[in-house]
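To keep things clear, I will list the structure first and then write my remarks on it.
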Amino acid sequence: ATATPHSPWFVLPADRKWYTRYLVSEVVLQTLEAGKPARSVECPPEEAAMLATVSLLTAKPVIYAANLSEADFAGGSPERNLHFAKVEALAAAEGAEVLPICAQMEADIAELEEEEKKLFLAELGLEQSGLDRLIQKSYHLLGLISYLTAGPTEVRAWTIARGTRAPQAAGKIHTDFERG
């Protein structure tokens, strides 16, 4: 028989992290059995870091791309679309993100020159294409930023984790930079 916190043979370990891991695992198990993704479990940062080490598929961040018609999208209020509202509600319940997008408009934008793109987007009341918004939302959701470098021959963007200190960010370019 296995000792559990409810059995008289259970002894709380001196290192509480294992007991905490057990409790977090129990909450995640109950959440999964209820048909909800692991990312919907709300817990303090220490427990969230512990949960991240398990690499559960349903703990991964998700963005739902909601394909809308040109009429729904161009109106500036995708919320009027009942299907979009359902996707938003689902995303909120799962701890996911949702991005309204119009695939037909994106196809049209992809065929335009840079100046025409700007005019087309301005006409629709948009600042960025759906692809650009998807990239930004993905970076935000994954906790990433761009670290820019410029030299005489090139300008380059390096992807790093948000909160990375400058020496570690420089280490992405060349390991000698990080060592000093």
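Laid out as a table, the results:
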quantity	calculated
Odd one out for residue 138 among (1) in contact with a Leu (Cβ under 6 Å, 6 or more places away or on another chain); (2) touching a residue at least 60 places away in the same chain (Cβ under 8 Å)	(1)
Residue tally, condition closer than 18 Å to residue 70 by Cβ and modelled with pLDDT of 90 or more, over segment 111-125	5
Yes/no for residue 42 being outside any helix (DSSP H, G or I) and among the acidic types (Asp, Glu)	yes
Output for segment 83-107, where each listed residue is charged (D, E, K, R) and at pLDDT below 90	94
Enumeration of residues in segment 73-82 that are under 20 Å from residue 107 (Cβ atoms) and modelled with pLDDT of 80 or more	81
Residue list for segment 130-158, restricted to those being of a type in the set (S, T, N, Q), open to solvent by less than 60 Å² (accessible area, probe 1.4 Å) and within 22 Å of residue 96 (Cβ to Cβ)	138
Qualifying residue in segment 128-143 (condition: farther than 30 Å from residue 170 by Cα, at pLDDT 85 or above and either in contact with a helix residue (DSSP H, G or I) (Cβ under 9 Å, 6 or more places away or on another chain) or among the hydrophobic types (A, V, I, L, M, F, W, C) (or both))	yes
Residue in segment 61-70 that is in a helix (DSSP H, G or I) and polar (S, T, N, Q) present	no
Test: residue in segment 40-63 that is open to solvent by less than 40 Å² (accessible area, probe 1.4 Å), within 16 Å of the chain's Cα centre (by Cα), at pLDDT below 90 and charged (D, E, K, R)	no
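The values are calculated or read from the model by the stated rules, or taken from the named source; none is laboratory data. Please read all numbers here as calculations on a predicted model, not as lab measurements. Using ideal geometry, Cβ is built from the backbone for each residue, glycine included, and neighbour counts are taken over all protein chains shown. For the accessible areas, the whole protein counts, side chains as well, though only heavy atoms, and no ligand, DNA or RNA atoms are used. Shrake-Rupley method; radii C 1.70, N 1.55, O 1.52, S 1.80 Å.
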